[in-house]
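Colleague: Provided herewith is a single structure, encoded as structure tokens, for subsequent inquiry.
The values are calculated or read from the model by the stated rules, or taken from the named source; none is laboratory data. No experiment lies behind these values; they were computed from the predicted model shown. Here the Cβ positions follow ideal geometry from the backbone for every residue, glycine too, while neighbour counts run over all protein chains shown. Side chains are part of the model used for accessible areas, which takes the heavy atoms of the whole protein and leaves out ligands, DNA and RNA. Shrake-Rupley method; radii C 1.70, N 1.55, O 1.52, S 1.80 Å.
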Amino acid sequence: MTAAFDARDVVVRYGRRTAVNGVSLCARPGTILALLGPNGAGKSTLLRALSTAVPPNSGQVEVFGHDVVRDPVAARGRIGVVFQERTLDPDLSVDRNLWFHARLFGLSRTDARVRIDEVLARFGLTGRRRDPVADLSGGLARRLEIARALVHRPGLVVLDEPTTGLDPDARRAVWADLRRLRDEDQVTVLYATHYLGEAELADHVVIIHSGVIVRRGTPAELKDGLATPTLLLSTVDDPVAVRQLASAGFDARLSPEGVSVRCAQPGSHIASVVRAVTMAVHEVTVREPSLDDVYFATTGGGTA
Ligand code: ADP
């Protein structure tokens, strides 16, 4: 089966700055991939390289078997792009925005009409088709951008921070759209995000930092492979408790939630942890690892 995209050893530089430093990544059709990383990690640049907007300095990128450098027009025909910045024409109607895109991508007039009707219905925008884009809410405008990216029937959609600036309802609507694309149309979805919660919704997560992939896997694999559960203690004097636990051999540290003790099987350690502390312990809870733990352990948080 031809991969939806296949990037091999991709390097992209802006002058002397290396934004993507030897990334290899591919995806089967019909999967959702999250590219997770802090600001400046190289996410947008990688998406630009995939979508033919920036040529790689070295390495190779294919979209459904079409090399983005040798055959950019064919590659572009198979990929739909939703940029971080708004690119709809606010003065034109919903219909007209879709129409220009369809014609730009070579759809005949008849096919453009059919396809525009389809995507409008799909995104619940049929009733708004004559409205100027300026009248749409932020959430609807974003969904229209996704609809527009699909007009030429691409098999791969890349989205750069698709839900930035949207309220929770609009975010959920965008997420439902992306899942339906995967489930009903076998479209591959690749999106960049720095929201850990959104990465968790993908089939595969790729963590990128300083232009290189530092970790990849399903959300569950990432959590299993790296993060260990912790016991959280609330005591009369947390800093002293940390010192006592450390001298008893526990991996204890002060956290915003109290004293956190990393241990593989927290349930069987509760008694010995509590015994190692001489002062009163108000509460002990077990916290299972989240993608946050993986992310912070891998990138140290912050910016790249
Ligand atoms: P992200 O999307 O993860 O925030 P980017 O791909 O935008 O990361 O940026 C990666 C690195 O490349 C950063 O150091 C950024 O400053 C730099 N960069 C991005 N775009 C340009 C550009 N057009 N010119 C010069 N440097 C750039």
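Colleague: Pull up region 45-58, narrow it to residues that are small (Gly, Ala, Ser) and within 17 Å of Leu159 (Cβ to Cβ), then point me to the one that is farthest from the ligand (Cβ to nearest atom).
Modeller: Ser51
Colleague: Being more than 18 Å from Gln84 (Cβ to Cβ) and within 16 Å of the ligand (Cβ to nearest atom) is true for just one of His209, His204, His194. Which residue is that?
Modeller: His209
Colleague: Kindly list the number of the only condition in (1) touching a Lys or Arg at 6+ places or on another chain (Cβ under 9 Å); (2) under 26 Å from Arg13 (Cβ atoms) that fails for Leu222.
Modeller: Exception for Leu222: condition (2).
Colleague: Let me ask something additional. If you check Arg148 against the conditions, is it open to solvent by 10 Å² or more (accessible area, probe 1.4 Å) and either more than 16 Å from the ligand (Cβ to nearest atom) or closer than 19 Å to Gly80 by Cβ (or both)?
Modeller: yes
Colleague: Within region 26-61, how many residues are more than 13 Å from Val11 (Cβ to Cβ) and of a type outside the set (Lys, Arg)?
Modeller: 21
Colleague: Could I ask something else about it? (1) open to solvent by 60 Å² or more (accessible area, probe 1.4 Å); (2) closer than 27 Å to Glu200 by Cα: which one isn't true of Gly249, the others all being true?
Modeller: Looking at each condition in turn, Gly249 falls short on (2).
Colleague: Tell me, please, whether a residue that is more than 14 Å from the chain's Cα centre (by Cα), open to solvent by 20 Å² or more (accessible area, probe 1.4 Å) and of a type outside the set (Gly, Ala, Ser) can be found in region 197-205.
Modeller: So far as region 197-205 goes, no, none of its residues is more than 14 Å from the chain's Cα centre (by Cα), open to solvent by 20 Å² or more (accessible area, probe 1.4 Å) and of a type outside the set (Gly, Ala, Ser).
Colleague: Cβ-Cβ below 6 Å, separation at least six or inter-chain, first residue in region 14-34 and assigned by TED's automatic domain parsing to the domain that holds Ser51 and farther than 11 Å from Val206 by Cβ, second of a type in the set (Ser, Thr, Tyr) and near the ligand (Cβ under 8 Å from one of its atoms): which pairs?
Modeller: Ala19/Thr45; Val20/Thr45
Colleague: For region 115-143, give me each residue that is assigned to a helix (DSSP H, G or I) and either within 29 Å of Ala3 (Cβ to Cβ) or not assigned by TED's automatic domain parsing to the domain that holds Val94 (or both).
Modeller: Arg115, Glu118, Val119, Arg122, Arg142, Arg143
Colleague: What residue, among those in region 1-21 that are part of a loop (DSSP other than H, G, I, E, B) and under 24 Å from Val187 (Cβ atoms), is nearest to the chain's Cα centre (by Cα)?
Modeller: Here the answer is Ala4.
Conditions tested, residue by residue: (1) out of contact with any strand residue (DSSP E or B) (no Cβ under 6 Å at 6 or more places or on another chain); (2) small (Gly, Ala, Ser).
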position	(1), (2)
Glu62	no, no
Val68	no, no
Arg86	yes, no
Leu98	yes, no
Ser108	yes, yes
Ala112	yes, yes
Arg115	yes, no
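Colleague: Considering only residues of region 22-44 that are part of a strand (DSSP E or B) and within 10 Å of the ligand (Cβ to nearest atom), which is farthest from Val189 (Cα to Cα)?
Modeller: Looking at the filtered set, the residue picked out is Leu36.
Colleague: Of everything in region 180-200, what is among the hydrophobic types (A, V, I, L, M, F, W, C) and within 15 Å of Ala149 (Cβ to Cβ)? Give them in sequence order.
Modeller: Those that are among the hydrophobic types (A, V, I, L, M, F, W, C) and within 15 Å of Ala149 (Cβ to Cβ): Leu181, Val187, Val189, Leu190, Ala192.
Colleague: Still on this structure, please answer the following. Looking at region 132-143, is at least one residue open to solvent by 40 Å² or more (accessible area, probe 1.4 Å), free of Cβ contacts under 8 Å to residues at least 12 places away in the same chain and either more than 16 Å from the ligand (Cβ to nearest atom) or in contact with a helix residue (DSSP H, G or I) (Cβ under 7 Å, 6 or more places away or on another chain) (or both)?
Modeller: Yes, because at least one residue in region 132-143 is open to solvent by 40 Å² or more (accessible area, probe 1.4 Å), free of Cβ contacts under 8 Å to residues at least 12 places away in the same chain and either more than 16 Å from the ligand (Cβ to nearest atom) or in contact with a helix residue (DSSP H, G or I) (Cβ under 7 Å, 6 or more places away or on another chain) (or both).
Colleague: Now for a different question. For region 59-96, how many residues meet the condition of being part of a strand (DSSP E or B), open to solvent by 30 Å² or more (accessible area, probe 1.4 Å) and within 16 Å of the ligand (Cβ to nearest atom)?
Modeller: Qualifying residue count, region 59-96: 2.
Colleague: OK, next. Among all residue pairs at least 6 apart or on different chains, which show Cβ distances below 7 Å where the first residue, located in region 35-57, is within 17 Å of Val73 (Cβ to Cβ) and open to solvent by 30 Å² or more (accessible area, probe 1.4 Å) and the second is assigned to a loop (DSSP other than H, G, I, E, B) and within 6 Å of the ligand (Cβ to nearest atom)?
Modeller: From residues that are within 17 Å of Val73 (Cβ to Cβ) and open to solvent by 30 Å² or more (accessible area, probe 1.4 Å), there are no pairs.
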